[in-house]
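Trainee: Please read through the structure below; I'll follow up with questions.
The values are calculated or read from the model by the stated rules, or taken from the named source; none is laboratory data. If you're wondering where the values come from, they're calculated on a predicted model, not measured in any experiment. Every residue, glycine as well, gets a Cβ built from its backbone with ideal geometry; the counts of neighbours run over all protein chains shown.
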Amino acid sequence: MDTLVEAAKWVLLVLAAGFIGQFGKSLAQALLARRKARKAKEASLSRDPAPSPPPSPPPQADPKLLKKQAKLEKKRLKAEAKRAKKAGKNGSK
């Protein structure tokens, strides 16, 4: 008799877990469907032509950034001159 009660407890536990699992799955699917519908609605709203804001003035250049860019450009020109010089030496042989 004791084993029958123990077995019934396990059966009820498994059924409850299955019910909770199925409910959770259905809930997750419903939430995903709602989210997908909301995103589709937002996308359709964003496709409507809306007045664009006036263009903002260009940002001020950072002096450090300008200095770094100038340094990189100088390096590039130096490497280019070096390649040209090397190509000239190889061509004269």
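Trainee: Given the conditions (1) at pLDDT 85 or above; (2) exposed (fewer than 10 other Cβ atoms within 10 Å of the Cβ), which single one is not true for residue 74?
Mentor: (2)
Trainee: Right, next: Where residues in the range 35-59 are outside any loop (DSSP other than H, G, I, E, B) and among the charged types (D, E, K, R), which of them is modelled with the lowest pLDDT?
Mentor: 47
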